[in-house]
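**Student:** Please read through the structure below; I'll follow up with questions.
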Amino acid sequence: MRPVILCANMVEELTYNEAVHYIGIDHGAMQLLKQNIPMDYAIGDFDSIEQEQLEALQKVTTVIKLNPEKDDSDSEHAIKFALEHYDEVAITGVTGGRMDHFMAIYNLMAFQNLNFAIYDKQNYIYPMEAGSYRLDKRTKYISFFASEPSEVTIQGVRYPLTNRKVSPKDVYTVSNEIVAEAATFTVHNGRVIVFESDDA
């Protein structure tokens, strides 16, 4: 298993885990450098950092420098690169700032069917495809949204559902709570995006 964390521009202070690989995305790479966290790669166009900062990155990692004039964002490029080279991919540093950037990343997960997670101090967001899952209680709230027409069963929660058809238009699936030791979640068909969240 080769898990990797992608650290984007708004990455907060991280606790280094030697079992995890790291990739810095543009300014996120500078944050990793400041925190002395080793990274496998730094990916971005780096058009807004000084040449000496870029050279500092080149001394400690492999820099993949992108053309500033491109069709995909730095984060999109990094996610697709990571999915080709690592078994488990998560990205942090994409929430709390520009919502258009967050929605671009979310849409890659929800509507281009890319399998990665998004997280910050309050949220853990990930796709769930057809299958049965055990969800341990890690946060106060659990929500999900269908990225395509789906049928789901969820038990061990305050508002259980059984063989419920859910469409991408539905929003009633927000703010559920795990009330048992763990919830069981079955996606009979389709695909959903799960949000595990806490209040600030």
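The values are calculated or read from the model by the stated rules, or taken from the named source; none is laboratory data. Remember, predicted model here, so these are calculated numbers, not experimental data. Neighbour counts are summed over all protein chains in view; Cβ atoms, including those assigned to glycine, are modelled from backbone coordinates with ideal geometry.
**Student:** Among the numbered conditions (1) in a loop (DSSP other than H, G, I, E, B); (2) surrounded by fewer than 19 Cβ atoms within 10 Å (Cβ to Cβ), tell me where VAL94 comes up short.
**Tutor:** So VAL94 meets the others, but not (2).
**Student:** Hey, among the residues in region 149-175 that are closer than 19 Å to SER132 by Cα and β-branched (Val, Ile, Thr), which one's nearest to the chain's Cα centre (by Cα)?
**Tutor:** Per the stated criteria, the residue is THR173.
**Student:** Only one of (1) crowded, with 16+ Cβ neighbours inside 10 Å; (2) in contact with a strand residue (DSSP E or B) (Cβ under 6 Å, 6 or more places away or on another chain); (3) among the β-branched types (Val, Ile, Thr) fails for THR62. Which number is that?
**Tutor:** The number of the failed condition is (1).
**Student:** Which residue pairs have Cβ atoms under 6 Å apart, sit 6 or more places apart or on different chains, and have a first residue in region 148-160 that is crowded, with 16+ Cβ neighbours inside 10 Å and a second that is at pLDDT below 95?
**Tutor:** From region 148-160, the pairs are GLY156/ALA180.
**Student:** For SER147, work out the one condition from (1) among the hydroxyl-bearing types (Ser, Thr, Tyr); (2) in a strand (DSSP E or B); (3) more than 17 Å from ALA90 (Cα to Cα); (4) touching a Ser or Thr at 6+ places or on another chain (Cβ under 9 Å) it doesn't fulfil.
**Tutor:** (4)
**Student:** Kindly indicate whether any position in region 164-175 is polar (S, T, N, Q), surrounded by 13 or more Cβ atoms within 10 Å (Cβ to Cβ) and over 25 Å from GLN31 (Cβ atoms). Break it down into steps so the answer makes sense when it comes.
**Tutor:** Let us first name the residues in region 164-175 that are polar (S, T, N, Q), namely 167, 173, 175.
Filter once more, so that each one left must be surrounded by 13 or more Cβ atoms within 10 Å (Cβ to Cβ): 173, 175.
Adding the requirement that they be over 25 Å from GLN31 (Cβ atoms) leaves 173, 175.
The answer is yes, given that some residue of region 164-175 is polar (S, T, N, Q), surrounded by 13 or more Cβ atoms within 10 Å (Cβ to Cβ) and over 25 Å from GLN31 (Cβ atoms).
**Student:** Residues that are β-branched (Val, Ile, Thr), at least 2 per element: which strands (runs of 3 or more DSSP E) completely within region 1-62 meet that? Walk me through it before giving the result.
**Tutor:** On the way: elements: 3-7, 21-25, 41-44.
So the answer is 3-7, 21-25.
Let's see how each residue does on (1) hydroxyl-bearing (Ser, Thr, Tyr); (2) assigned by TED's automatic domain parsing to the domain that holds CYS7; (3) on the phi > 0 side of the Ramachandran plot:
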{"residue": "HIS101", "(1), (2), (3)": "no, yes, no"}
{"residue": "ASN107", "(1), (2), (3)": "no, yes, no"}
{"residue": "PHE111", "(1), (2), (3)": "no, yes, no"}
{"residue": "SER143", "(1), (2), (3)": "yes, no, no"}
{"residue": "SER150", "(1), (2), (3)": "yes, no, no"}
{"residue": "THR153", "(1), (2), (3)": "yes, no, no"}
{"residue": "ARG158", "(1), (2), (3)": "no, no, no"}
{"residue": "ASP170", "(1), (2), (3)": "no, no, no"}
{"residue": "VAL174", "(1), (2), (3)": "no, no, no"}
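**Student:** Look through MET109, MET103 and report the one residue that is surrounded by 16 or more Cβ atoms within 10 Å (Cβ to Cβ) and in a helix (DSSP H, G or I).
**Tutor:** Working: MET103 fails: surrounded by 16 or more Cβ atoms within 10 Å (Cβ to Cβ).
After ruling out the rest, the residue left standing is MET109.
**Student:** Continuing with the same structure: Given the structure, is ILE125 crowded, with 19+ Cβ neighbours inside 10 Å and within 21 Å of the chain's Cα centre (by Cα)? First the steps, then the outcome.
**Tutor:** Details: crowded, with 19+ Cβ neighbours inside 10 Å: yes; within 21 Å of the chain's Cα centre (by Cα): yes.
Yes; evaluated as a whole, the condition is true for this residue.
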